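Read the structure below first, then the notes.
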Protein chains: 2
Amino acid sequence: MGQKPNISKGTRDFNPEQVRRRDYLMGVIRKHFQSFGFQPIETPSFEQLSTLMGQYGEEGDRLIFKILNSGDYLSKANEKALDERDSRGLLSSISEKALRYDLTVPFARYVVMHQNELTLPFKRYQIQPVWRADRPQKGRFREFYQCDADVVGSNSLWQEVELLQIYDAVFTELGMPSIKVKLNHRRLLAGIAQLIGEEKNVVAFTVALDKLDKIGREGVEKEMLSKGIDAEALAKLAPVFELQGTGLEKLASLADMCPKDSPAQQGIEDLKFLYQTLNGLQLKTISLDIDLTLARGLHYYTGVIFEVSAPEGVKMGSIGGGGRYDDLTGQFGLKDLSGVGISFGLDRIYLVLEELCLFPEALDNTLEVLALNLGEEEAMSAMKLLGVFRAAGLSAELYPQVARMQKQFKYADKRGAQWVLILGTEEREQNRFLLKDMAKGEQHEFALDSDQGLKHLLKVLRND
Amino acid sequence: MGQKPNISKGTRDFNPEQVRRRDYLMGVIRKHFQSFGFQPIETPSFEQLSTLMGQYGEEGDRLIFKILNSGDYLSKANEKALDERDSRGLLSSISEKALRYDLTVPFARYVVMHQNELTLPFKRYQIQPVWRADRPQKGRFREFYQCDADVVGSNSLWQEVELLQIYDAVFTELGMPSIKVKLNHRRLLAGIAQLIGEEKNVVAFTVALDKLDKIGREGVEKEMLSKGIDAEALAKLAPVFELQGTGLEKLASLADMCPKDSPAQQGIEDLKFLYQTLNGLQLKTISLDIDLTLARGLHYYTGVIFEVSAPEGVKMGSIGGGGRYDDLTGQFGLKDLSGVGISFGLDRIYLVLEELCLFPEALDNTLEVLALNLGEEEAMSAMKLLGVFRAAGLSAELYPQVARMQKQFKYADKRGAQWVLILGTEEREQNRFLLKDMAKGEQHEFALDSDQGLKHLLKVLRND
């Protein structure tokens, strides 16, 4: 007792202003998910350990938070592992649950478990926290929200069109300046690897290409050589590095470079369709850009992939991304269910909005009316008025106890109250009350119990 | 791989309908919290183990979900406890984090850690999940939401008034039938224990009294006797059992029974103030009822306590409760901060609304328009129209691929689409399109690209 409390490493408290801003951001995203016909689901915070382990590679397994079994957990522990102090060997005998690591695996589990209730294509969105035992650093937390929309059960490219439209709608409503969405296609990457005779090295090829931004062309070539991609292949790659022009021009050049039967041609066709369709539908804020170096690490992507860049001038990595996958649920026994999804990087978008001062000012107007507490009967009259204000959708409260005016005004000021309601003995006797506009310092007088004046009063309060 | 997936015991997936209903319920509560000047905060899902342990009694300690340390957790394990297979002794050396058990302790930690940023009184609300390793049973889950509003830093009874008004406002908007709120006061309980000469047995006395509902007067008396409360004291208690009349009448009888200097008198005064004030402010849905058997287990309450009963005829325990406490934050080193709070039992209120069919029907209208996919160019024209609908706030989607009409209509039906947009080759040539009202089976025809018709169209879509 009397301990100095602390918060757990890599986690955050959110104060009222932050919660309101986060709610606003999630609200905008949610609204557009819904307007495109996506439906919400939620899954539990923890899953069975066996559902999550092995899904995210060895590094992922390490970063999953495991929950200790309840009660006398050692009674069923693996004795050999215990004697050998083998943390990894002991794990499954003392922990059978783990915190959600992303929303994708729980979604796959959901689809498989509920397949008989679902109408395909199933369009779901999900906005929930995930947890990772990462080393905390600036902008990287152990608890953070993911915000995903996916369609499963359709391989139509119209889904990609609608998902890209969602990015456009959300970023437009958030008031973002123009935003680039990089596009690529896994088959195009495979086709290029084939073109240069390195189809067996497609993974190393892709991983190296992905680093072009960071290490430059020379660095990429060096890495490819070190991974066994030969110099001859690199020479053939030169035209790919040197692609020029608009997206459609780049695609045309690529179509010429690759053989007719190359898997690249399907990728090029898909991307061309997206370009042409979205041009026809007129994007407002996002613009598309073919980027052959875009790989997106996640191995389950098989078709179109995309990544949203932060607005120019804002130093931040990508603020969203997604792509098409052929087999999300196969691991849980449901084969051949194709899908495509996008995600919004909530924490980063929050920082962008903050940096560009794009959060609406109205979010900070949280208290419209503070009523001074000027005695028991006066407070009672004030409370009746507050009831009227609240019913009209305003936020209003009574200062909790009788105190000096100065103290009450100071509280009103700190709370950011827009109006202070003054209803003292004198006002009560004269059947009237005052409202002080805290920004302008002006006082307005109104008659108590006058239905006539109410409309005018509410108009004044709302600054109409 | 190919494993049959399962969900963790005591946890739930929420399908779209359930999420929408939960969002609606939380939205109503949130709205009224805000209109009474409460501000949102959020705290992390896990806290340091030391923050939570010892806060909820021995039973609580057992029910807290502990998170295993990451990496080679055995390397820092308590060797003696390990050798002796002492699960409890080992705990703090292999786990330093635990999942939130309620919202009250994290709130207390928050207030202490952020005391320099807060304006007192601080009115916060918090709606987040908590986790308990309870044995799952009907209506009891291992993950569930709590929904709390508290004011700290004021001992004014006007806070109790506003909190009870929040109950009234929320249950009124939810369309609930009349709802009883039981009131009691910890000092009244202490005063009665004193009255019968059992002040030293006040806890046993309170615990037994709390069971009146379940075990009847005879059972309560038997339990009191077994706990060392003597027969003479029980005889003195008889008038308390036999209190009659309205709340104010009961309070008057109690005031007569108890000595002038009894702590009970303060409790009686407080309750009288609440009764009179709330009568004056006119409650719509809740009604107050003095219930001396109401104890509310939580030991930190010190003043007024209350509990909300489910509507008559619905078999369900309490659907909310709260009370005043004198010292929430003392355990973390911040003394003398009085507060009062309420909570809503979200899961139970959900069940009540379901049983009474009180969820708004509109929640299930999630897809306003499904556009048939009748070819690439036709789909393109349809997509342009969908953009107009969405901008007007409607939810709309394109059937993902060209398919038989019958199949597309079946999907529209399963998705509960209100309108189906038909725009085929013929319609396109004639510069028009059809909307089919799925409920009535009627078709409406509109001209394409006519601004004039748009207002009419949106009116039709919204059923204005």
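Things to note:
- Check on B:G216, in contact with a strand residue (DSSP E or B) (Cβ under 6 Å, 6 or more places away or on another chain) and more than 17 Å from B:V202 (Cβ to Cβ): no
- Sole residue being more than 14 Å from every other protein chain (Cβ to nearest Cβ), free of Cβ contacts under 8 Å to residues at least 24 places away in the same chain, basic (K, R) and not in a strand (DSSP E or B), chosen from B:K384, B:K440: B:K440
- Which listed residue, of A:G175, A:G191, is in a helix (DSSP H, G or I), touching a Pro at 6+ places or on another chain (Cβ under 9 Å) and away from chain B (no Cβ under 13 Å): A:G191
- Of the residues making up segment A:126-134, not a single one is under 22 Å from B:L386 (Cβ atoms), among the aromatic types (F, W, Y), at pLDDT 95 or above and in the same structural domain as A:L271 (by TED's automatic domain parsing).
- Hits in segment A:331-359 - residues which are of a type outside the set (A, V, I, L, M) and in a strand (DSSP E or B): A:G339, A:G341, A:S343, A:F344
- Selection within segment B:73-102 - within 28 Å of A:D13 (Cβ to Cβ) and either at the interface with chain A (Cβ under 9 Å from one of its Cβ atoms) or not charged (D, E, K, R) (or both): B:Y73, B:L91, B:S92, B:S93, B:I94, B:S95, B:E96, B:K97, B:A98, B:L99, B:Y101
- The residues of segment B:397-428 that are closer than 18 Å to A:Q34 by Cα, among the aromatic types (F, W, Y) and more than 10 Å from every other protein chain (Cβ to nearest Cβ) amount to a single one, B:W419.
- Helices (runs of 4 or more DSSP H) (entirely within segment B:26-125) containing at least 1 residues that are over 30 Å from A:Q408 (Cα atoms): B:49-52, B:57-63, B:79-83, B:87-94
- The selection criterion, being at pLDDT 95 or above and either buried (at least 22 other Cβ atoms within 10 Å of the Cβ) or polar (S, T, N, Q) (or both), holds for A:Q39.
- Scoring B:Q39 on the criteria (1) in contact (Cβ under 8 Å) with a residue 40 or more places away in the chain; (2) under 13 Å from B:W131 (Cβ atoms); (3) within 9 Å of chain A (Cβ to nearest Cβ) leaves a single failure, condition (2).
- Qualifying residues in segment B:57-79 (those that are under 15 Å from A:I67 (Cα atoms) and small (G, A, S)) - the one surrounded by the most Cβ atoms within 10 Å (Cβ to Cβ): B:S70
- The residue of segment B:393-418 that is nearest to A:V170 (Cα to Cα), among those that are of a type in the set (F, W, Y) and surrounded by fewer than 22 Cβ atoms within 10 Å (Cβ to Cβ), is B:Y411.
- Residue match in segment B:260-268 (condition: among the polar types (S, T, N, Q), surrounded by fewer than 19 Cβ atoms within 10 Å (Cβ to Cβ) and more than 23 Å from B:R324 (Cβ to Cβ)): no
- Checking each residue of segment A:84-94 against the condition of being of a type in the set (G, A, S) and within 27 Å of A:D347 (Cα to Cα) gives no match.
- Qualifying helices (runs of 4 or more DSSP H) (wholly inside segment B:220-330; at least 1 residues being among the β-branched types (V, I, T), touching a residue at least 12 places away in the same chain (Cβ under 8 Å) and within 20 Å of B:L183 (Cβ to Cβ)): B:231-241, B:263-281
- Restricting attention to segment B:45-56, the residues being hydroxyl-bearing (S, T, Y), surrounded by 18 or more Cβ atoms within 10 Å (Cβ to Cβ) and at the interface with chain A (Cβ under 9 Å from one of its Cβ atoms) number 2.
- Subset of segment B:103-117 (residues that are more than 7 Å from chain A (Cβ to nearest Cβ) and buried (at least 19 other Cβ atoms within 10 Å of the Cβ)): B:L103, B:T104, B:V105, B:P106, B:F107, B:A108, B:V111
- Of all the listed residues (B:G219, B:G247), the sole one being of a type in the set (G, A, S), modelled with pLDDT of 90 or more and either in contact with a Phe, Trp or Tyr (Cβ under 6 Å, 6 or more places away or on another chain) or not assigned by TED's automatic domain parsing to the domain that holds B:L157 (or both) is B:G247.
- As a summary of the residue check, A:I29 satisfies the conditions (1) more than 9 Å from every other protein chain (Cβ to nearest Cβ); (2) under 19 Å from A:E143 (Cα atoms); (3) of a type in the set (A, V, I, L, M, F, W, C) except for the one numbered (2).
- Scanning segment A:301-331 for residues that are farther than 25 Å from A:L188 by Cβ and crowded, with 21+ Cβ neighbours inside 10 Å yields a single hit, A:T329.
- Leading residue by the ranking (surrounded by the fewest Cβ atoms within 10 Å (Cβ to Cβ)) among those in segment A:136-153 that are part of a loop (DSSP other than H, G, I, E, B), touching a residue at least 12 places away in the same chain (Cβ under 8 Å) and at negative phi: A:P136
- Count - residues of segment A:106-124 that are in contact with a Pro (Cβ under 9 Å, 6 or more places away or on another chain) and basic (K, R): 2
- Qualifying residue in segment A:387-396 (condition: more than 12 Å from chain B (Cβ to nearest Cβ) and hydrophobic (A, V, I, L, M, F, W, C)): no
The values are calculated or read from the model by the stated rules, or taken from the named source; none is laboratory data. Nothing here was measured: the structure is a model prediction, and the numbers come from that model. Positions of Cβ are generated from backbone atoms using ideal geometry, with glycine treated the same way; all protein chains shown enter the neighbour counts.
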